[in-house]
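> Please read through the structure below; I'll follow up with questions.
Read the figures in this text as sums done on the coordinates, not as results from a lab. Remember, it's a predicted structure, so these values are computed and weren't measured experimentally. Reconstructed Cβ throughout: ideal geometry from the backbone, glycine too, with neighbour counts over all protein chains shown.
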Amino acid sequence: MIMDGDTYDMGSVAYLRHHRQAISIARTVMYYTGHTMLVGEYGV
């Protein structure tokens, strides 16, 4: 999970088995989607 303290935007991921850079994916969720969480084995 990653959160921007100034804007309270948040991005998080769960159950991504085939990706090592979870924080980078969470940052992408935060900045480029309207969602706060991405869950799934093949989520990206």
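> Which of the residues that make up segment 1-29 are under 13 Å from GLY40 (Cα atoms) and aromatic (Phe, Trp, Tyr)?
If the condition is that a residue be under 13 Å from GLY40 (Cα atoms) and aromatic (Phe, Trp, Tyr), then TYR15 is the only one that fits.
> How about the chain: which of its residues are under 9 Å from the mean Cα position of the chain (by Cα) and of a type in the set (Gly, Ala, Ser)?
Answer for the chain, where residues must be under 9 Å from the mean Cα position of the chain (by Cα) and of a type in the set (Gly, Ala, Ser): GLY11, SER12, ALA14, ALA22, SER24, ALA26.
> Scan GLY40, GLY11 and give me the residue that is without any contact (Cβ under 8 Å) to a residue 40 or more places away in the chain and loosely packed, with under 12 Cβ neighbours inside 10 Å. Quick ask: steps written out before the conclusion?
Numbers: GLY11 fails: loosely packed, with under 12 Cβ neighbours inside 10 Å.
From the options GLY40, GLY11, the qualifying one is GLY40.
> Write out, first by first residue and then by second, each pair whose Cβ atoms fall under 8 Å of each other, whose residues are 6+ apart or on separate chains, and whose first residue, in segment 20-36, is surrounded by fewer than 13 Cβ atoms within 10 Å (Cβ to Cβ) while the second is in a loop (DSSP other than H, G, I, E, B).
Listed pairs, sorted by first residue: TYR31/ASP9.
> Any chance segment 23-44 includes a residue that's in contact with a His (Cβ under 7 Å, 6 or more places away or on another chain), assigned to a loop (DSSP other than H, G, I, E, B) and among the β-branched types (Val, Ile, Thr)?
Within segment 23-44 (the criterion being in contact with a His (Cβ under 7 Å, 6 or more places away or on another chain), assigned to a loop (DSSP other than H, G, I, E, B) and among the β-branched types (Val, Ile, Thr)), the answer is yes, since at least one residue qualifies.
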